[in-house]
Amino acid sequence: MFPVRRMRRSRARNIQPILRQTHVGLSDLVVPLFVDHGITAPRPISSMPGQERYPVESMGRVAEDIRNLGLPAMLLFGIPRHKDEEATGAYDENGVVQQAIRDIKKAVPEMVVITDVCACEYTSHGHCGIVGNTRQGTDLLNDPSLELMNRIAVSHADAGADIVAPSCMLDGMVASIRGALDEEGREDTLIMSYSTKFASAFYGPFREAAESGFSFGDRTTYQIDPANGREAILESELDAAEGADILMVKPAGLYLDILSEITASGLPVAAYQVSGEYAMIKAAAERGWINEKPAALESLTCIKRAGADLIISYFARDAAGWLIEEQ
Ligand code: PBG
């Protein structure tokens, strides 16, 4: 008790750095990227200042830039030339993501390539899999969509992806994809499940970036209600039991309680700082209402402190520069 316990002693300018409990490192960060089959020059994403869609042909160079920043991993989203009801473009061996994976691996073989396994960018209706009639009207069909996810995941693994990341929140998706990968001799491909993904309003800017907005309904019949903590933990436990190698909580910053609890699974846990979390900081910084660099680094540090082993963030490339400056 005061005056014996003086906490401010440890906050002296030269002492504080040696007592810091949490450090975000370059190897914690994953760069999410949008690859567009329909463009020949990078195109800025207006809802996410500083982010661009890239043409497939540029992905080798983009990967080299990321490697040169000291960052080890990328997460790919594809925007195909054509969409249809069945998302056939999602598992085309010459599809946008499949081609991007091959180009990245040719340019930077050691780059960890993670792919989003979902159909929403490839379906004309914008939902994450096959839709059809249910008791509640037209909705995402669970079991018929699993086969589609298997095909997408196998096509990514065949193209050279290290990690496939199913994001559609279907029941049984991890077991189904694991089975399909193993059957194709891809037992070395990891599955990072978007195991605890909330039905969040903070995905808004992404849906513009990836052209993945839905033409009817919403995603609340497959993503989790933000109010439900226990359900969120159970979702991740089920994916762990189905064989996921890495779990994920998404969004990150508003769900640190869930993230911290999920680390008890013993599996590595990723956190996805989503488009809306990024856009809020960017927009406030553009108006001079917030200082971007410390705000962004604080957000990443707190996600790490809550227990994330990996942080997927649109700030990753800027943060790499800032972290190196600070060393
Ligand atoms: C689905 C997917 C989404 C995001 C990542 N994967 C969108 C959604 O569920 O509607 C959102 C990512 C972000 O907001 O940054 N393919």
Need one number: nm distance between label points at Arg43 and Ala201, each 7 Å from Cα along Cα→Cβ, rounded to one decimal. 2.8 nm
In terms of the alpha carbon gyration tensor, root eigenvalues a ≥ b ≥ c, rounded if a/c is under 1.5 and otherwise prolate when a/b exceeds b/c or oblate, the range 267-327 is oblate
Relative contact order [Cα under 8 Å, 6+ residues apart], the range 1-112, whole percent: 28 percent
I need the per residue convex hull volume for the range 1-155, using only the alpha carbons, in cubic angstrom as a whole number. 216 Å³
The number of Lys pairs in the chain whose alpha carbons lie under 19 Å apart, excluding pairs fewer than 8 residues apart on one chain, is 5
For the range 129-144, in residue order, the Karplus 3J(HN,Hα) values (coefficients 6.51, -1.76, 1.60; θ = phi - 60°; whole Hz; Gly and Pro = x) are x, 7, 10, x, 7, 10, 4, 9, x, 5, 7, 5, 8, 5, 5, x
Only Cα pairs under 8 Å and at least 6 apart count here; give the relative contact order of the chain as a rounded whole percent. 18 percent
Relative to the first principal axis of the alpha-carbon coordinates of the chain, what is the inclination of helix 173-183, with its axis defined by its Cα atoms, in degrees from 0 to 90 and to the nearest 10? 70 degrees
Sequence-separation-based contact order of the range 124-194, relative, with Cα cut under 8 Å and 6+ spacing, percent: 29 percent
Could you give the dipole magnitude of the range 30-128 about its Cα centre, charging the beta-carbon of Lys and Arg +1 and that of Asp and Glu -1, in debye to the nearest 20? 280 debye
With a 10 Å cut-off between alpha carbons and a GNM built on the chain, which of Pro17, Pro49, Pro72 moves the most? Pro17
For helix 292-305, report the angle its Cα long axis makes with the longest principal axis of the Cα atoms of the chain; keep it between 0 and 90° and round to the nearest 10°. 80 degrees
So the carbon and sulfur contribution to the accessible area of the chain, 1.4 Å probe, in percent, is 49 percent
If Lys and Arg each add +1 and Asp and Glu each add -1, what is the summed charge of the other residues whose beta carbon sits under 10 Å from the beta carbon of Thr123? -3
When the chain is treated as a Gaussian network with springs between alpha carbons less than 10 Å apart, the largest mean-square fluctuation among His37, His82, His156 is found at His82
For helix 275-286, what angle does its Cα long axis make with the longest principal axis of the chain, in degrees from 0 to 90 and rounded to 10? 50 degrees
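Can you classify the range 137-273 as rounded, prolate or oblate using the Cα gyration tensor, where a ≥ b ≥ c are the square roots of its eigenvalues, rounded means a/c under 1.5, and otherwise it's prolate if a/b beats b/c and oblate if not? Don't skip to the answer; put the middle values down first.
Details: a/c = 1.61, a/b = 1.16, b/c = 1.39.
Judged from the Cα gyration tensor, the range 137-273 comes out oblate (a/c at least 1.5, b/c at or above a/b).
With viscosity set to 1.567 mPa s and temperature to 4 °C, compute the Stokes-Einstein D of the range 57-138, Rh being the Kirkwood radius across alpha carbon pairs; µm²/s, no decimals.
My calculation gives 93 µm²/s for D.
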³J(HN,Hα) across the range 312-318 via Karplus (A = 6.51, B = -1.76, C = 1.60, θ = phi - 60°), whole Hz, x for Gly/Pro? 8, 8, 5, 7, 3, 5, 5
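The values are calculated or read from the model by the stated rules, or taken from the named source; none is laboratory data. Every value quoted in this text rests on a predicted model; they were computed, and no experiment measured them. Every residue, glycine among them, receives a Cβ derived from its backbone with ideal geometry; neighbour counts consider all protein chains shown. The accessibility values were calculated without ligands, DNA or RNA, using every heavy atom of the protein model including side chains. Shrake-Rupley method; radii C 1.70, N 1.55, O 1.52, S 1.80 Å.
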